[in-house]
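Inspection log for the structure reproduced underneath, given as structure tokens.
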Amino acid sequence: MTSQLKACVWMLGAVVSFSAMALAGRVVSVDLDTFEIMTYRSLVGVVVMATIIFASGGVRRIQTDRFSLHLIRNICHFTGQNLWFYALTLIPLAQLFALEFTTPLWVLILSPLLLSERLTRVRILVALIGFSGVLIVTRPTMGSISVGTLTAASSAIFFAGSILFTRKLTADQSTLTILTWLVGLQAVFGIICAGIDGDIAAPSLAMTPFIIIIGFAGLLAHACLVQALSLAPAMLVVPIDFLRLPLIAVLAMILFGEHLDLWVFVGAAIIFGANYTNIWAETRNSRT
């Protein structure tokens, strides 16, 4: 099997994992609020990462010299993930995924502020095209912007912040360190936010398997994505991620009775086209 084909298989694993996390999140949201979902998801991640750490040489491999940056990165990720879980209870899953695809566009906009990268004309054009896709997905009119669409769009902004701070961390921090601080800090944030009202609901026996799915799927999705990008260029890998949209739309229709909205697919295709154009331009520039 060629490295390109292996990358496609890994990326399909990420697509399935992200979709499984969304479907399981929709199920458990009936009994648990978003902070509780994040708490239990992170605790599952803590167990998984603890097993990996001790199997690979112990806690001495975890770096502690850039804790403040890990903290900022995880505040962004925790906020974005909570907004994402909240949005999936309010809007169709296909619309949520389409708005999530705007994360790379926000990376373009925020990178000059956080990474001192240059905002080129191509990047500006890509951002404008991408946000025209957002307008098609949401179709805003006076009084029609819902809390769900605003929440989903906001989650993409915080995910972009998480990505940018992750870029800074990867300069001198290992993947094991980044993932360990991720699950650890997310668990602490979740416990604090879920328990601020003095009442943390325990998942029922029926919901426990879905909590485990959310925890495992979240880690597995990112692991598959990293592995895919290590085997093939982003121009090959990223288009496969777009399969999440039709997959989740069909599954949501079957499992939750959500209707298929053609304009969500049209807008998502424009957003995808903008993202892919940016990848193509950046790849061409790096080769030049």
**Prompt:** Can you pull out the trypsin sites (Lys or Arg not before Pro) in the range 120-192 that DSSP calls coil and that have at most 15 other Cβ atoms within 10 Å?
**Reply:** none
**Per residue Cα convex hull volume in Å³ - calculated over the range 192-261** = 162
**Prompt:** Taking the Cα centre of each part, how many Å lie between the range 214-288 and the range 96-170?
**Reply:** 14
**Asked** Taking each full run of DSSP H in the chain as one helix, which ones are at least 24 Å long along their axis (Cα atoms) and have mean Kyte-Doolittle hydropathy of at least 1.0?
**Response** 3-28, 34-55, 121-138, 147-169, 175-194, 208-231
**Request:** Within the set of other residues whose C-beta is less than 12 Å from the C-beta of S111, count the net charge using Lys and Arg as +1 and Asp and Glu as -1.
**Result:** +2
**Prompt:** Taking a temperature of 25 °C and a viscosity of 0.890 mPa s, what whole-number D in µm²/s does Stokes-Einstein yield for the range 1-93 with Rh from Kirkwood over alpha carbon pairs?
**Reply:** 154
**Complete:** Placing +1 on each Lys and Arg Cβ and -1 on each Asp and Glu Cβ in the chain, then taking the dipole about the Cα centre, the residue among L114, L255, I178 whose Cα reaches farthest towards the positive end is L114
**Message:** Per residue, how large is the accessible surface of the chain? Use a 1.4 angstrom probe and give square angstrom.
**Reply:** 49
**Asked** Rounded, prolate or oblate: which fits the range 33-74 when a ≥ b ≥ c are the square roots of the eigenvalues of the alpha-carbon gyration tensor, with rounded for a/c under 1.5 and prolate only if a/b beats b/c?
**Response** oblate
**Item:** Protection-proxy order for peptides 108-115, 52-59, each taking the mean of Cβ atoms within 10 Å per residue, highest first
**Value:** 108-115, 52-59
**Kirkwood hydrodynamic radius over Cα pairs of the range 154-288, then Stokes diffusion coefficient at 20 °C and 1.002 mPa s, in µm²/s** = 116
**Message:** Using a 1.4 Å probe on the protein heavy atoms, what percent of the accessible area of the chain belongs to carbon and sulfur?
**Reply:** 71
**Complete:** Taking only the alpha carbons of the range 148-196, the radius of gyration and the largest Cα-Cα distance, Dmax, both in angstrom, are 13.4, 37
**Asked** To the nearest 500 deg cm²/dmol, what mean residue ellipticity at 222 nm is calculated for the chain from DSSP H runs of n ≥ 4 alone, each contributing -39,500 (n - 2.57), summed and divided by the residues?
**Response** -26000 deg cm²/dmol
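The values are calculated or read from the model by the stated rules, or taken from the named source; none is laboratory data. Bear in mind the structure is a predicted one, so any value in this text is a computation, not a measurement. Quick reminder, even Gly has a Cβ in these numbers, built from the backbone with ideal geometry, and neighbours come from all protein chains shown. Accessible surface areas use protein heavy atoms only, side chains included; no ligands, DNA or RNA. Shrake-Rupley method; radii C 1.70, N 1.55, O 1.52, S 1.80 Å.
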